[in-house]
1. Of all the residues that make up segment 198-240, how many are assigned to a loop (DSSP other than H, G, I, E, B), on the phi < 0 side of the Ramachandran plot and either without any contact (Cβ under 8 Å) to a residue 60 or more places away in the chain or out of contact with any Cys (no Cβ under 9 Å at 6 or more places or on another chain) (or both)?
2. Can you tell which of Leu356, Leu402, Leu384 is open to solvent by less than 60 Å² (accessible area, probe 1.4 Å) and free of Cβ contacts under 8 Å to residues at least 60 places away in the same chain?
3. Looking at Val95, Val11, can you tell me which residue is in contact with a Pro (Cβ under 8 Å, 6 or more places away or on another chain) and either among the acidic types (Asp, Glu) or at pLDDT below 95 (or both)?
4. Just to verify a result, which residue in segment 201-226, among those that are over 17 Å from Val247 (Cα atoms) and out of contact with any Leu (no Cβ under 7 Å at 6 or more places or on another chain), is least open to solvent (accessible area, probe 1.4 Å)?
5. Among residues belonging to segment 114-149 that are outside any helix (DSSP H, G or I) and open to solvent by 90 Å² or more (accessible area, probe 1.4 Å), point out the one that is nearest to Pro82 (Cα to Cα).
6. Name the pairs whose Cβ atoms lie under 9 Å apart, with the first residue in segment 116-139 and farther than 19 Å from Phe6 by Cβ and modelled with pLDDT under 90, the second open to solvent by 30 Å² or more (accessible area, probe 1.4 Å) and not in a helix (DSSP H, G or I), and 6 or more positions between them or separate chains?
7. Given the structure, is Ser287 among the hydroxyl-bearing types (Ser, Thr, Tyr), in a loop (DSSP other than H, G, I, E, B), farther than 24 Å from Ala186 by Cβ and in contact with a Lys or Arg (Cβ under 8 Å, 6 or more places away or on another chain)?
8. Against the conditions (1) under 21 Å from the mean Cα position of the chain (by Cα); (2) of a type in the set (Phe, Trp, Tyr); (3) open to solvent by 10 Å² or more (accessible area, probe 1.4 Å), where does Tyr379 fall short? Just the number, please.
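The values are calculated or read from the model by the stated rules, or taken from the named source; none is laboratory data. These figures come from a predicted structure and were not determined experimentally. Counting neighbours? That spans all protein chains shown, and the Cβs are built from the backbone with ideal geometry, glycine included. Just so you know, the surface numbers come from the protein's heavy atoms only, side chains and all, with ligands and any DNA or RNA stripped out. Shrake-Rupley method; radii C 1.70, N 1.55, O 1.52, S 1.80 Å.
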Amino acid sequence: MARKFFGTDGVRGRANVYPMTAEMALKLGAAAGRYFRKGKGRHRVVIGKDTRLSGYMFETALTAGFTSTGMDVLLLSPVPTPAVGMLTTSMRADVGVMISASHNPHYDNGIKFFGPDGFKLSDEDEMAIEALLDEEIRPAQSENIGRAKHIYDGRFRYGERVKSTLPYGMTLKGLKVVIDCANGAAYKTAPEVLWELGAEVIPVGVSPNGYNINEGCGSTNVTTAAEAVVAHDADVGICLDGDADRVMILDETGAVADGDQLMALMATRWAEEGRLKGGALVATVMSNLGLERHLESKGLRLERTNVGDRYVVERMREGGYNLGGEQSGHIVMTDYATTGDGLVAGLQFLVAMKQLNKPASALVSQFERCPQLLENVRYGAGQLPLDDASVKAAIAEAETALVGNGRLLIRKSGTEPLIRVMAECEDETKLTQVVGSVVQAVQAATA
């Protein structure tokens, strides 16, 4: 059965437009409450959010849904997504919820769930919750209605956990760090953690107003941070996204390293230290072919999954691996966290700088990238461009052209109404032609 509401990372869409409405949030809360309320006694849920204005609306609606089914609600206020995963387990909650649309603009929002183990839900769990949406809400008896309580020190608890990921006794003294928090969930936590560890901190994107999350800043727009790195003669830049579960690293010149380069650095270092479990890194089909070749040269493997950090985590748990992530900057280290954690990943890069006594520029380019081109094509409601005969023909022709020379990946975004057309090929002329032909076919089918 196909999922109607859940995408690759929870339920997401434009705020106050179906399905991202207060009414749907209430129903989701009630359905999830029913699903996770098992056995006798009190049950609890922790709810975090980023800095979007609509977060207040969804937080209130979810609280109403959960409490109506008898679950107690612990409200964390703005905290990074990985903090919700951590606090779900440490506070012995039955379920965790993060209200965020990650790297999307302020007018979007999303709701993603964590199980009692702190990991994101499986497809089966999400489909079970969707099935409950179609059933009549079964409210708790009046004497069993849940309570809501604010937890004001959630970000401090998370910050202490983050600091503990550094080797014992290590400080960041002598490092000048630009930290771009995307006017999002980590706008207080990330600068505080870096300062407490001894770094000189230049904060960027730390003035959220409900509308400016990810706007001209953060991991998807590193220009502001890069300018700050150069202007302040900083050693490194760390750029988070709106919910701080992904990261991009900037060297001292402002040059950017994506998640593939960061994973390559960590995988090789962990392998040398004997702590890379299974001799493999888990990444998605979007990761660059150059990463795969680099790992093979080190005697390591690349395990590929579908796009979405939760699919990366599922494969990691199945195979007993402890390092994975996405090119977009989700870096998952299950030794430290249950989901992507941009701040922890950034700190691991600083650890490498300190231990190797090398500048950021010597670490951000671990391998030579295979030429890769990604184009996005937006489509309208009800349109199914990948079912169009001309699009199928264009894709088949492109795949034939790349046989033995590269690869083609066509997929629907799980978070936005976009068709993503990605290809890799050593011949950049052919690469441009192949992607262009498919993009034109999709555009024609959506015109």
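1. 14
2. Testing whether each residue is open to solvent by less than 60 Å² (accessible area, probe 1.4 Å) and free of Cβ contacts under 8 Å to residues at least 60 places away in the same chain leaves just Leu402.
3. Val11
4. Asn212
5. Lys149
6. Close Cβ pairs satisfying both conditions: Pro139/Ile145.
7. yes
8. In the conditions (1) under 21 Å from the mean Cα position of the chain (by Cα); (2) of a type in the set (Phe, Trp, Tyr); (3) open to solvent by 10 Å² or more (accessible area, probe 1.4 Å), Tyr379 misses (1) alone.
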